[in-house]
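Report on the following structure.
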Amino acid sequence: MAKNIVFKVPEFPQISETFIVAQIVTAIQLGYDVKILVRRIANVDPKSCFDLIEEYDLMSKVIVEDYKRPNNKIFRLIKWFGVLSANLLDLPFILKYYKEYSKFSLTHLFEWVFYKQFITYEIVHIQFGNNKHPIDKLKKTGYFKPKVILTFHGHDAFFPLNGFIENNGYYDDLFKYANIITANTPYLADKVLELGCPSDKLIVIPVAVDTAFFKPKKNNNKVSKTLKLITVGRLDIVKGQSFCIESMKLLIQKGFDVTLKIIGEGTEQKNLENLIKKYDLANYVFLKGSQSREEIRTALWDHDVYLLTGQATVSGLRESQGLATIEAQACGLPAIVFDSGGVKYTIHDKITGFICDEFDVDRVVEKVELFYQNRELINDMGAQAAVFVKNEYAQNEIDKKWEIIYSTLSDEN
């Protein structure tokens, strides 16, 4: 019998979430029949996100979460009775499902029937904790049989979620009924445990890097006069790009020939533009917007040192792993990072780069100066970085961990 799995994803495809695509492809390569359940299809060209989307025809596997609920209230009520009549044998489970809600809504039945189509699947893999609904309620009724994996990615472990959802036992049912829960670093795992996750269900599995794609460029020794710094990620407070710019201000004041490229887009763009203008750094700091995976790799090959100066948000959220830092190291760049969140797990301090205390811009400047004065150190640490990533974060190595998890759950069915 064919193995099957449903990936529950908020929106697909997302340019910034290539790790989701990689996870889905892993399941396909392991022989699973895959469906991708989404609340909405993203308004982007799939070809601009990840070439694997087209290669594996992933858009044909997408199912939009459409309950086919009539907008007209009278028609909705009529259809509700029709749907209920057609599912009378499951009435005890439907009643249990309704008891999970504080208010009665006709929509709950349409929701329940929609998810009924997945009852024969072996595994439902939820990406992002706050994408759990209504799997936790369905499992609680005893009707929904698939094994459940919940993967946390970072922001979903910090409350208030999305700025307004409080933690009033928000994950309690899912922690109880999920079979396996994963986090990408020990840092994030600790945060999930603080929310009440049972330790015997929690596994740390890093987000992998495709080291067949992100790899050092041949004959790419650093010889240019200008030292070129780069950082990649959405323009967000948690990524701390403003501290990269603060570092650049000090470096330029000291007379160093350095540039900084910032790849990404987001809510902090205007603030970063203002900071560049304030410090008169338009000739040294360049905001390049969102770029494709191929463009990012080319940019990494053309630069010398990677920066990630992440910080905490008001809610305490920090970078849980920092995939771009690993991709940069895979391409042969040493990294200079703040000790924020789980980033410290992604580099080998003093071997593949340097870990600086959070907010310590002077320390970042000191390490950039070290690289500026010793270009061989860039080559040496960059070579170590590529080996480190291949050993610890290569896609084929992480895939082995997922093969064990998926096969174990499949064998239990």
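State the number of residues belonging to region 133-182 that are of a type in the set (Val, Ile, Thr) and in contact with an Asp or Glu (Cβ under 8 Å, 6 or more places away or on another chain).
Number satisfying all stated conditions: 1.
Give the residues of region 206-224 that are crowded, with 17+ Cβ neighbours inside 10 Å and either assigned to a loop (DSSP other than H, G, I, E, B) or basic (Lys, Arg) (or both), sorted by residue number.
So the first thing to find is which residues in region 206-224 are crowded, with 17+ Cβ neighbours inside 10 Å, and the list is 206-211, 214-216, 222.
Across region 206-224, the qualifying residues are Pro206, Val207, Ala208, Asp210, Thr211, Phe214, Lys215, Pro216, Lys222.
Per-residue answers, yes or no, for (1) of a type in the set (Ser, Thr, Tyr); (2) touching a strand residue (DSSP E or B) at 6+ places or on another chain (Cβ under 8 Å); (3) farther than 30 Å from Ala299 by Cα:
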| position | (1), (2), (3) |
| --- | --- |
| Val113 | no, no, yes |
| Tyr121 | yes, yes, yes |
| Ile135 | no, yes, yes |
| Asp172 | no, no, yes |
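Please give the number of the condition Ser16 fails out of (1) under 16 Å from the mean Cα position of the chain (by Cα); (2) of a type in the set (Ser, Thr, Tyr); (3) farther than 26 Å from Ile263 by Cα.
(3)
Does Tyr177 count as over 25 Å from Thr346 (Cβ atoms), of a type outside the set (Val, Ile, Thr), open to solvent by 50 Å² or more (accessible area, probe 1.4 Å) and at pLDDT 95 or above?
yes
Would you check if Ile94 is closer than 25 Å to Tyr393 by Cα and either aliphatic (A, V, I, L, M) or surrounded by fewer than 17 Cβ atoms within 10 Å (Cβ to Cβ) (or both)?
Working: closer than 25 Å to Tyr393 by Cα: no; either aliphatic (A, V, I, L, M) or surrounded by fewer than 17 Cβ atoms within 10 Å (Cβ to Cβ) (or both): yes.
So Ile94 fails the test.
Could you give every pair whose Cβ atoms fall below 7 Å, whose first residue belongs to region 393-404 and is within 25 Å of Val124 (Cβ to Cβ), and whose second residue is in a helix (DSSP H, G or I), counting only separations of at least 6 or pairs across chains?
Gln395/Ala22; Asp399/Thr26; Trp402/Thr26
Given the options Ile351, Ile336, Ile326, name the one that is in contact (Cβ under 8 Å) with a residue 12 or more places away in the chain, farther than 27 Å from Gln253 by Cα and not in a helix (DSSP H, G or I). Show your work before the answer.
Details: Ile336 fails: farther than 27 Å from Gln253 by Cα; Ile326 fails: not in a helix (DSSP H, G or I).
Answer to the selection: Ile351.
Just to be sure before I move on: is Ile326 surrounded by fewer than 24 Cβ atoms within 10 Å (Cβ to Cβ) and of a type in the set (Val, Ile, Thr) in the structure I sent?
Details: surrounded by fewer than 24 Cβ atoms within 10 Å (Cβ to Cβ): no; of a type in the set (Val, Ile, Thr): yes.
So Ile326 fails the test.
Are any residues in region 225-283 of a type in the set (Gly, Ala, Ser), open to solvent by less than 20 Å² (accessible area, probe 1.4 Å) and part of a loop (DSSP other than H, G, I, E, B), and if so, which ones?
So the first thing to find is which residues in region 225-283 are of a type in the set (Gly, Ala, Ser), and the list is 233, 240, 242, 247, 255, 264, 266, 282.
After this cut, where a residue has to be open to solvent by less than 20 Å² (accessible area, probe 1.4 Å) as well, the list is 233, 240, 247, 264.
Within region 225-283, Gly233, Gly240 qualify.
Please go through (1) over 24 Å from Met381 (Cβ atoms); (2) touching a residue at least 12 places away in the same chain (Cβ under 8 Å) for Thr226 and return the number of the only condition it doesn't satisfy.
The number of the failed condition is (1).
From the list Gly310, Gly353, which one is crowded, with 20+ Cβ neighbours inside 10 Å and on the phi > 0 side of the Ramachandran plot? Let's see the steps before the verdict.
Values: Gly310 fails: on the phi > 0 side of the Ramachandran plot.
Only one candidate passes the filter, namely Gly353.
Based on what the data block shows, is Ser320 open to solvent by less than 30 Å² (accessible area, probe 1.4 Å), among the polar types (S, T, N, Q) and farther than 25 Å from Leu370 by Cα?
Numbers: open to solvent by less than 30 Å² (accessible area, probe 1.4 Å): yes; among the polar types (S, T, N, Q): yes; farther than 25 Å from Leu370 by Cα: yes.
When the stated conditions are applied, Ser320 passes them.
With respect to the numbered conditions (1) at pLDDT below 95; (2) not in a helix (DSSP H, G or I), which one is the sole condition not fulfilled by Ile63?
Answer for Ile63: the failing condition is (1).
Got a sec? Which of Asp136, Asp156, Asp200 is surrounded by fewer than 16 Cβ atoms within 10 Å (Cβ to Cβ) and either in contact with a Lys or Arg (Cβ under 7 Å, 6 or more places away or on another chain) or part of a helix (DSSP H, G or I) (or both)? Step through it out loud before you land on a result.
Working: Asp136 fails: surrounded by fewer than 16 Cβ atoms within 10 Å (Cβ to Cβ); Asp156 fails: surrounded by fewer than 16 Cβ atoms within 10 Å (Cβ to Cβ).
Only one candidate qualifies: Asp200.
Kindly indicate the residue of region 392-413 that is at pLDDT below 90 and assigned to a helix (DSSP H, G or I) and also nearest to Thr325 (Cα to Cα) among those meeting that condition. Don't jump to the end; show me each part of the working.
Initial filter on region 392-413 (at pLDDT below 90): 410-413.
If we keep only those that are assigned to a helix (DSSP H, G or I) too, we end up with 410-412.
Working: Ser410: 34, Asp411: 36, Glu412: 37 Å.
Out of the qualifying residues, it is Ser410.
Working only within region 1-45, note down all residues that are of a type in the set (S, T, N, Q) and assigned to a strand (DSSP E or B).
Across region 1-45, the qualifying residue is only Asn4.
The values are calculated or read from the model by the stated rules, or taken from the named source; none is laboratory data. Note that the coordinates shown come from a computational prediction; the quantities given were computed from them, not determined experimentally. No Cβ is skipped: glycine too gets one built from the backbone with ideal geometry, and neighbour counts run over all protein chains shown. Keep in mind that these areas ignore ligands, DNA and RNA; they rest on the heavy atoms of the full protein, side chains included. Shrake-Rupley method; radii C 1.70, N 1.55, O 1.52, S 1.80 Å.
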